[in-house]
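Below is one structure, written out as structure tokens, with a few remarks after it.
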Amino acid sequence: MTGGVVALSNQPVPAEATPSRVVSPYGDHQPAIAAPTPKHAELVALNLLSSTDRAALGRLMRLWSTDIVALTEGRPPPGDTAPELAVPNTALTVTVGFGPRVFTRPGLTAYKPSGLDDLPVMRHDRLLPAWSGGDLLLQVGADDPVSVVHAVRRLVADAAPFARPVWRQTGFWNSTGPDGKPVTGRNLFGQVDGTGNPAVGTPEFDATVWADGPEWFRGGTTLVVRRIKMNLDTWDELTRSEQERAVGRKLSTGAPITGTAEHDELDLDARDADGRLVIAENAHARLSHHSENDGRRIFRKGLNYVHDTGATRESGLIFLSYQADVAGQFLPLLTRLDAADALNEWTTTIGSAVFAIPPGWHEDGWLARDLLA
Amino acid sequence: MKTKLLMACAVVALPLLLSSCGSSDSAAAADTAPSVSTPSVLVEDAWVRTTTGAKDTTMTAAFMSLTNPGGSEIKLTSATSPVAGTVQLHEMAMKDGKMVMREKAGGIAVPAGSHAHLAPSGDHVMLMDLKQPLKPGDEVPLTLKFSDGSSHDLTVPVKKFTEEEEHYHPSQTPTPAS
Ligand code: HEM
Ligand SMILES: [Cu+2]
């Protein structure tokens, strides 16, 4: 009886034991944040029905917590209408967030994490309401897209008495190299994307990501979701060295153009024979580097997306940024990049949303209990 | 309850409905003395269907998975809940060409080393004479008693059921077993 309650027999037993790909739903933090970017992911934003008060939101969180435990362990949640779609070992994770408007509801106004506000519209933004805002966020990731859509379907169905979806975004990422080892992964410009992130498990990471207040939010974080369209047609017209100059890193390895290995430090002072900065004044990696931003850091986890309409394809990045404080860490960086980033010529942000990501919970608890119980 | 017999649960291989429960269940209940180390039934993924939006808000049902890791059959023999005046164990049966629910004589068997799935369209714990509406996300205390003398106190979440209302709550009234 190894396979949980559903699968008793008639499942082929693998010849060698495969490593467990179950990510525990429990912990001090919601588990997906520090885990590797999933191969497949879906984000769903929902708006609360007007009848969903604080108590009702608490009931939804209890339901979702039960669902999340079952789904991550590969079992159908209670009442699943397609239970065979729940399978274990897909590294399934679910992350839940609350948009700024949740903290305008009676009984919740005193608990808003500081700095949690929708971002002001940037000069280069072309935001569409269809990709923006939302009261609740569900982010589901897994190794396998069937598991992702099944989990999303259950969670959205169980939320029906409380909230209605307003947008959905599907993305993908490859953070496994050809030898099976973890790699940073690439966006659709072909760039290695994520190198400059604070490394998980370091004090720098903890200080960047985890909030220490208000009380209920200790161990939580905030998430910025930006849907950024990338113009591959005009990008492809550039020479390789023009492409590399826009960021200040090499396409081959992701190394700084002043270095040789991916994780070499950027040399922001290096100059060429003519005295010009090697990493240009407006290079993306310079402008966003913590040394140029009073030490401000963020933790980025992108997902590539494509969106097809008939024969027309739009490509882009679902840019995800985690930080303890949106207004204090993310917004100054964004403002700076909007003003001067070389990449702006090929990128356009068409969606924007901000969420508080409550801390994790343990076996005797449930999501955001300290806020909603 | 349901008028159609839908699949509703993953396990086909299990002898879910034991047609002849004639052999007395009290005999089984008395027969619990041996093997002290026999582990009791595991209860998982229990849930109760909401009364929100239901036609008849005085009754609903609880569903769950029961696993019996031991070497002899154990039966779910009764259940109680403070939210319900009456709690019965029900099965679905064909009557006049229709599926109807009725009380399950002898309780719900969990075969040795196997499972019983209480699911919509199959066996269930019927909560009747409800004392209050049950909203999605509410939690309902439920106590299950088994033939091995064990009992389980559960806190069961109330959920919306996505299958069509009419399959589940037809207009006819339940047919209690005689
Ligand atoms: C489609 C849009 C974007 C693309 C294609 C992109 C691409 C890249 C690339 C290739 C790097 C260098 C490798 C790395 O360190 O990860 C990078 C670094 C970085 N990007 Fe972006 N980026 C985009 C949008 C943004 C936005 C909107 C922000 C923040 C407001 C941002 C903040 C950063 C930061 C903080 C770094 C790390 C710099 C360092 O410390 O070395 N990026 N980005
Ligand atoms: Cu019934």
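Observations
- Additional length obtainable on full extension of the chain from residue A:241 to residue A:156, 0.36 nm per residue less Cα span: 26.0 nm
- For residue B:138, the amide hydrogen comes within under 5 Å of the amide hydrogens of B:158, counting only partners 5 or more places away or on other chains and with H modelled in the peptide plane.
- Dividing the summed helix terms, -39500 (n - 2.57) for each DSSP H run of n ≥ 4, by the number of residues in chain A produces a 222 nm estimate of -5500 deg cm²/dmol to the nearest 500.
- Here's the list of lysines a cross-link from residue B:104 could span, going by alpha-carbon distance under 23 Å and ignoring same-chain residues fewer than 8 apart: B:2, B:4, B:75, B:95, B:145.
- For residue A:39, the lysines whose Cα comes closer than 19 Å to its Cα, not counting residues fewer than 8 places off in the same chain, are A:181, A:301.
- The Rg/Rh ratio for chain A is 0.98, where Rg is the radius of gyration of the alpha carbons and Rh is the Kirkwood radius.
- Gyration tensor (alpha-carbon) shape descriptor, segment A:186-263, a/c threshold 1.5: oblate
- Neighbouring partner chain Cβ atoms per residue of A:56-66, average, 10 Å criterion: 4
- Annotation: amide H of residue A:351 within the under-5 Å range of A:128, A:227, sequence separation 5 or more or interchain, hydrogens built in the peptide plane.
- 3J(HN,Hα) along segment A:278-293, derived from phi through the Karplus expression 6.51 cos²θ - 1.76 cosθ + 1.60 where θ = phi - 60°, amounts to 5, 8, 4, 3, 9, 5, 4, 5, 6, 4, 9, 5, 4, 5, 9, 10 Hz, with x in place of Gly and Pro.
- Segment A:85-124: proportion of alpha-carbon pairs further apart than 13 angstrom, %: 68
- Our analysis of segment A:223-299 gives Rg over Rh at 0.99, with the two radii drawn from alpha carbon positions and Rh computed by the Kirkwood formula.
- Gyration tensor (alpha-carbon) shape descriptor, segment A:206-345, a/c threshold 1.5: oblate
- In this structure, the amide hydrogen of residue A:249, modeled 1.01 Å from its nitrogen in the peptide plane, lies closer than 5 angstrom to those of A:257, counting only residues at least 5 positions away or on a different chain.
- Bridgeable lysines around residue B:159 (alpha carbons under 17 Å apart, same-chain partners fewer than 8 residues away excluded): B:55, B:135.
- Rounded to whole numbers, the Karplus 3J(HN,Hα) couplings from phi for segment A:245-251 are 5, 4, 9, x, 10, 7, 6 Hz, using 6.51 cos²θ - 1.76 cosθ + 1.60 with θ = phi - 60°, and x at Gly and Pro.
- Fraction of alpha-carbon pairs over 21 Å apart in segment B:39-168 - percent: 37
- Here the Karplus curve 6.51 cos²θ - 1.76 cosθ + 1.60, taken at θ = phi - 60°, turns the phi angles of segment A:340-354 into couplings of 9, 4, 4, 5, 4, 5, 10, 10, 9, 7, 10, x, 8, 8, 9 Hz, with x standing for Gly and Pro.
No value in this document is a laboratory result; all are computed from the given coordinates. Here the structure is a predicted model, which is why all the values come from computation and not from measurement. Here the Cβ is made from the backbone with ideal geometry for all residues, glycine too, and neighbour counts use every protein chain on show.
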